[in-house]
Amino acid sequence: MRGVYIVANDKVQENAIALMSSLRRYDPDIPVFLIPFNDEHQAVATRLADLYDVQLFPDLAFLADLTTRIGEIFPPDFLALPNKMRKLAAWFGPLDEFLYIDTDILFFPPVTDTLAYLDQADFIWCDYHYKRGLEDVFSAVVPKQNIFSPEALQDVFNSGLWGSRKSALSLEKLYGVLTECAAHREYFDFSSGTTDQPIMNYLVLTAISRRLNIVRAKAASLSPEPGSWGGSPHFERRGERLFDGDRPLRYLHWAGTPMRPGSPYRDLWEHYRYLDDQEGQAAAAIKPQKPSGFEHIKAQIKTQIKALLKAASIRRS
C-alpha cells in the first residue's frame, strides 16, 4: 500500500489544511496518515479527518515508545526539538511505500507520480540541497575524516519531503545508527537550529544504499526538475500552480521562509487553505490580523525614537 505521512499538531493546523487541500486537489484518494507531533493534536486530527479523510497513525503506543527511546539515546541538549524525530515512525507504520511531507509545503501533481520513483530506489527525495554543500547537515569533520565518500555526500537532502519503503529500515538498525549519532555531535551542523535533518542524512547515508534524488535523475532530461524553495522570487503563478519558466513545480516548500501575510506566494497558500473550508475563511475575515514582522519592527523603531527624543529633551531642560 502506497500513501503519505505528515506530522502535525494543533499549532500548525492552518498549514496542514493548506497542504492537504493541495494534495487532495490532484490525488483525492491516496491514503494519508497523521503522525502527532505531541499530545496536542486532537483539533487538527479531527479537522483533517472531516475535510480530507486523513487517518491518525494507528500505533500511538509505538510512537510513544519511539519518542522515549530517542530521549534516552540523545543527551537533553543534543536535539533542539526532539519531537521532530517522530517522522522516523513513517518506516514503522501501515504503509508499505510512502512519501513524507512537512506541513509548510504545497504539493501539486499527483503524489503517485513521485512515489513511482520507488520502483528505482529504496529512498527518494527531490531537492537541490546538494548544491549548498553540507550546510545544515554535516560539519567539516565528516569529509575530513572520510565518514562518507564524496559521492555519498552528493546525496545530502532536505528532510521536509522524502519517500521510502517500510522494508528499507529495521528498528534495530534505526536505534543502532541513532546511537552512533549521539556519540558524535561533532559530525553535525546544527548552527541554523535544525533538528532532524542532520540526523536523518546520517541515517540514510549509513543504512540505505539504493538512493535516488529525482532532481539529479532528471538533470539531463528535456524537462529538468524546477526549484521548490518558497524563498525563490521568480516562480510564476498560473491558476492553482506555480511555474519556473515553462516547468510546473512539483511542490513549494517555505523551509524557514516566513509564511505570514505578505510573504512570498501567500496568495496561493490562502487559496488552498480556504478552498474547502468556507467557514474558516469567514472566521479569518473577521479575525483581527496581527501586524507583520516588518510592521512590528517599524513600531519598535518608532518607540525607540520617541524614547531617545524624550531623553534628549530631558537633558536639554
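The table that follows gives values for the structure above.
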quantity	calculated
Computed helical MRE - 222 nm, the chain, DSSP H runs ≥ 4 contributing -39500 (n - 2.57), nearest 500	-11500 deg cm²/dmol
Mean separation of Cα contacts under 8 Å (6+ apart) over length of the chain, as relative contact order %	20 percent
Beta bridge orientation in the chain: antiparallel %, DSSP, nearest 5	55 percent
Under-5 Å amide H pairs with Tyr5, H placed in peptide plane, nonlocal only	Phe33, Leu99, Tyr100, Ile101
Inverse mean reciprocal Cα-Cα distance (Kirkwood Rh) of the range 1-109, Å	14.2 Å
Label selected from (i) 75, 47, 47; (ii) 69, 47, 40; (iii) 112, 50, 38, the criterion being Cα extents along the principal axes in Å as computed here	(i)
Non-local Lys pairs in the chain, i.e. 8 or more apart or on different chains, that have alpha carbons under 22 Å apart	15
Alpha-carbon Rg/Rh ratio, for the range 158-278, with Rh computed the Kirkwood way	1.04
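Read-outs throughout are calculated quantities, based only on the coordinates presented, and are distinct from any laboratory measurement. Source: prediction; values computed, not measured.
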